[in-house]
Amino acid sequence: MSEMKGKICIITGSNSGIGKETATNLAKMCATIVMAVRDQERGEKARTEIVKQTGNNSVDLMICDLSSMDSIRRFAKEFKRKYDRLDVLVNNAGAMFNKREVTSAGFEQTLAVNYLGPFLLTHELLDLLKSSAPSRIINVSSGLAKNGKVDLDDLQSEKNYKGTKAYSKVRAPVYANTKLMLMMFTYELARRLKGSAVTANVLMPGFVTTNLGKNSGSLSSSIMFKMVRPMQVSAKTGAETSIYLASSDIVKDVTGKCFAKKRETITCPESYDEEIQKRLWNKTESMLGLAPE
Ligand SMILES: NC(=O)c1ccc[n+]([C@@H]2O[C@H](COP(=O)([O-])OP(=O)(O)OC[C@H]3O[C@@H](n4cnc5c(N)ncnc54)[C@H](OP(=O)(O)O)[C@@H]3O)[C@@H](O)[C@H]2O)c1
């Protein structure tokens, strides 16, 4: 375990599950933790527990709702006002929904939280990550990405929305599509960051007992999640790869890879399609109103 004292780490969705375990373990290693969460009360409860458990008082709480691009921009601005460096960004927050709903900015919410949000947050913090290099970006994807499809003509799933109910029918839900997009974003980002000493890797945490899917709004998927509980690992085990990628010296120069159980792993053939990665990147920039680099 490497020393993390003096390192500043942002972990999104760190009030529960894998994100909370990641924050707790990095706090134990003496890192400064910035918990980027959407709910003040849930966040404060988790922050208090982490401080109590680790004895590390450098655990900050900042509001960042990944479904709101305005909230992400506000968070990044405020973070840069408070901190002059960023060593580790863990894009951990994620969600799944049964029904198609759009955010106030008009984005389908699974896409917004799992893909557009991390894309924008990374974009907004990239200058700081570069000036703090060596630094690390870690994206939490899912093994379900292999069931995903990237339909560049329907990124918002207007024509074809499959919610969490799709799990019980062995169809690929929109969640899987967004996790594939996050994977492809990581590979493209790593290429664009070559030579900058900022690494970008993606991981699959395994099948983990957390709050994920509990409030997705589908009875069949809630029953399905209960049934599979015995097959799931604990959040502590699920967080191991995130902690490893954030802190281990072994991976300090590794970039553009996917990890599972702390080992490099191969992902589905679609994920490596550079042509689609580039087109997806360009389309995302235009959806978010970002100027091409
Ligand atoms: N559990 C698994 O088996 C599994 C498998 C593969 C991948 N993953 C991925 O692992 C990551 C962590 O999930 P988890 O399993 O630990 O589930 P979790 O306990 O539900 O944690 C998800 C976190 O994301 C946050 N979040 C959700 N929507 C958000 C938003 N709009 N803005 C900001 N934060 C938001 C949640 O905050 P609230 O508490 O406020 O809702 C929570 O802190 C996710 O990306 C998930 O897709 C999980």
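The values are calculated or read from the model by the stated rules, or taken from the named source; none is laboratory data. Given the structure is predicted, the values throughout are model-derived calculations rather than measurements. Here Cβ is always computed from backbone atoms with ideal geometry, including for glycine, and neighbour counts include all displayed protein chains. Calculation scope for accessible area: heavy atoms of the full protein, side chains included, ligands and nucleic acids excluded. Shrake-Rupley method; radii C 1.70, N 1.55, O 1.52, S 1.80 Å.
Kindly evaluate THR210 against the criterion of being within 19 Å of the chain's Cα centre (by Cα), modelled with pLDDT under 95 and either within 16 Å of the ligand (Cβ to nearest atom) or part of a strand (DSSP E or B) (or both).
When the stated conditions are applied, THR210 passes them.
Based on what the data block shows, is MET35 in contact with an Asp or Glu (Cβ under 9 Å, 6 or more places away or on another chain) and aliphatic (A, V, I, L, M)?
yes
Do we have any residue at all in segment 132-151 that's over 27 Å from SER196 (Cβ atoms), away from the ligand (no atom under 16 Å from the Cβ), out of contact with any strand residue (DSSP E or B) (no Cβ under 8 Å at 6 or more places or on another chain) and open to solvent by 10 Å² or more (accessible area, probe 1.4 Å)?
Yes, the conditions are met somewhere in segment 132-151.
Among the residues of segment 53-95, write down those that are in a loop (DSSP other than H, G, I, E, B), crowded, with 16+ Cβ neighbours inside 10 Å and among the small types (Gly, Ala, Ser).
Hits for segment 53-95 are SER67, SER68, ALA93, GLY94, ALA95.
Looking at (1) in contact with a strand residue (DSSP E or B) (Cβ under 8 Å, 6 or more places away or on another chain); (2) more than 16 Å from the ligand (Cβ to nearest atom); (3) open to solvent by 70 Å² or more (accessible area, probe 1.4 Å), find the lone condition where ARG38 falls short.
Answer for ARG38: the failing condition is (2).
I want to confirm something. Restricting to segment 188-209 and keeping residues that are over 21 Å from ILE266 (Cβ atoms) and among the polar types (S, T, N, Q), which single residue is least open to solvent (accessible area, probe 1.4 Å)?
SER196
Report, ordered by the first and then the second residue, all pairs with beta carbons closer than 7 Å, sequence separation of six or more or different chains, a first member in segment 13-34 that is among the hydroxyl-bearing types (Ser, Thr, Tyr) and in a loop (DSSP other than H, G, I, E, B), and a second member that is open to solvent by 30 Å² or more (accessible area, probe 1.4 Å) and more than 6 Å from the ligand (Cβ to nearest atom).
These pairs meet every condition: SER14/LYS20.
Given segment 234-293, what helices (runs of 4 or more DSSP H) lie entirely inside it while holding 1 or more residues that are closer than 17 Å to GLY143 by Cβ?
Where helices (runs of 4 or more DSSP H) fall fully within segment 234-293 and carry at least 1 residues being closer than 17 Å to GLY143 by Cβ, they are 235-238, 240-247.
Return the residues of segment 96-126 that are open to solvent by less than 10 Å² (accessible area, probe 1.4 Å) and of a type in the set (A, V, I, L, M); say none if nothing qualifies.
Correct list: LEU111, ALA112, LEU116, LEU120, LEU121, LEU125.
Within segment 100-112, can one find any residue that is more than 29 Å from MET4 (Cα to Cα), touching a helix residue (DSSP H, G or I) at 6+ places or on another chain (Cβ under 7 Å) and part of a helix (DSSP H, G or I)?
Yes, segment 100-112 has at least one match.
Which one of these does THR48 not meet: (1) more than 27 Å from PRO134 (Cα to Cα); (2) among the hydroxyl-bearing types (Ser, Thr, Tyr); (3) part of a helix (DSSP H, G or I); (4) within 10 Å of the ligand (Cβ to nearest atom)?
Result: THR48 fails condition (4) only.
Per-residue answers, yes or no, for (1) crowded, with 24+ Cβ neighbours inside 10 Å; (2) within 11 Å of the ligand (Cβ to nearest atom); (3) polar (S, T, N, Q); (4) at pLDDT 95 or above:
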| site | (1), (2), (3), (4) |
| --- | --- |
| GLY6 | no, no, no, yes |
| THR22 | yes, yes, yes, yes |
| LEU26 | yes, no, no, yes |
| GLY43 | no, yes, no, yes |
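Condition first: more than 25 Å from GLY206 (Cα to Cα) and of a type in the set (A, V, I, L, M, F, W, C). Now tell me which residues in segment 131-157 satisfy that.
Within segment 131-157, ALA133, LEU152, LEU155 qualify.
Regarding segment 187-199, can at least one residue be identified that is away from the ligand (no atom under 12 Å from the Cβ), touching a Ser or Thr at 6+ places or on another chain (Cβ under 6 Å) and closer than 21 Å to ALA112 by Cα?
Within segment 187-199, none of the residues are away from the ligand (no atom under 12 Å from the Cβ), touching a Ser or Thr at 6+ places or on another chain (Cβ under 6 Å) and closer than 21 Å to ALA112 by Cα.
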